[in-house]
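Report on the structure given below.
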Amino acid sequence: MEFVIVYLLVNILAGAAACFFGKRLFFVMLGALVFLGVFNVALGATDASPVSLVVAAVLGVVAALLSKYAYKAAVFLAGFVTGAALGFIVTMLLADQLGDFLGLVMVIAGVLLGLAGVRWSDTIVRWGTAWTGATFVVPNVLAAALAFGSLAERAVPGDAMATFDALSGFIGGEFAAAYGTPILVGTVVLAVAGAIVQTKVHD
């Protein structure tokens, strides 16, 4: 039974944190992951002496601080590629008018969409994390409220991982199929609320 409660609490609390504070947590987690990655690579390439440890830590911190800008560069690149593809399609559809300007149209569309992606990257992160968090919160809250008995039946005494697997499969499968509409409506409402809260907290 305790594994069921732990599973629900972890999913609900982690989901709520992502839903309402995802923008802040996103860059914290991104920085932490970049730090760990660079630190481990730098340390692995040296003799693990105290000096090497300090150098690896400094490199990790610098990389973590730059990760936000690297993230935006990746957003621009993704937007540029998408825009270029869109420009290609538009040019092909209007081949008679734009056929001679394929490269120019692709570059202009790519730059514009890349800049738009960078400009609105914070908004994309807010909505993305709000939605992701809501998809964790809503199904687990509804399952706890409407089918706790079924959750308890799937608990495997003494085996947390087996219990978690069983609960995940039930909530994402049988329960989601039976309560698809309430889950969808609840997720949309909570995601919108989370994005609004994130916007107000950020501003």
Query raised in the report: Has the range 121-132 got at least one residue that is assigned to a helix (DSSP H, G or I), of a type in the set (A, V, I, L, M) and in contact (Cβ under 8 Å) with a residue 60 or more places away in the chain?
Result: yes
Report task. Output the residues belonging to the range 149-167 that are part of a helix (DSSP H, G or I) and either without any contact (Cβ under 8 Å) to a residue 40 or more places away in the chain or farther than 26 Å from residue 180 by Cβ (or both). Result -> 149, 150, 153, 160, 161, 162, 165, 166
Requested in this report: Determine, yes or no, whether residue 89 is modelled with pLDDT under 85 and not small (Gly, Ala, Ser).
Outcome: yes
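Condition check ((1) under 30 Å from residue 151 (Cα atoms); (2) at pLDDT below 85; (3) assigned to a helix (DSSP H, G or I)) across all residues:
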| residue | (1), (2), (3) |
| --- | --- |
| 11 | yes, no, yes |
| 22 | yes, yes, yes |
| 31 | no, yes, yes |
| 51 | no, yes, yes |
| 56 | no, yes, yes |
| 65 | no, yes, yes |
| 71 | no, yes, yes |
| 77 | no, yes, yes |
| 102 | no, yes, yes |
**Report entry** Only listed residue being within 30 Å of residue 77 (Cβ to Cβ) and either surrounded by 15 or more Cβ atoms within 10 Å (Cβ to Cβ) or among the basic types (Lys, Arg) (or both), chosen from 123, 163, 135
**Finding:** 135
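Among the residues of the range 139-148 satisfying the criterion of being among the aliphatic types (A, V, I, L, M) and over 10 Å from residue 11 (Cα atoms), which is surrounded by the most Cβ atoms within 10 Å (Cβ to Cβ)?
143
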Report summary line: All-but-one check, residue 43 against (1) modelled with pLDDT of 75 or more; (2) crowded, with 16+ Cβ neighbours inside 10 Å; (3) farther than 16 Å from residue 30 by Cβ; (4) of a type outside the set (Gly, Ala, Ser), failing number (1)
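Does residue 96 satisfy the condition of being at pLDDT below 80, out of contact with any strand residue (DSSP E or B) (no Cβ under 9 Å at 6 or more places or on another chain) and not in a helix (DSSP H, G or I)?
no
The values are calculated or read from the model by the stated rules, or taken from the named source; none is laboratory data. Remember, predicted model here, so these are calculated numbers, not experimental data. Glycine also receives a Cβ, built like all others from the backbone with ideal geometry; neighbour counts cover every protein chain displayed.
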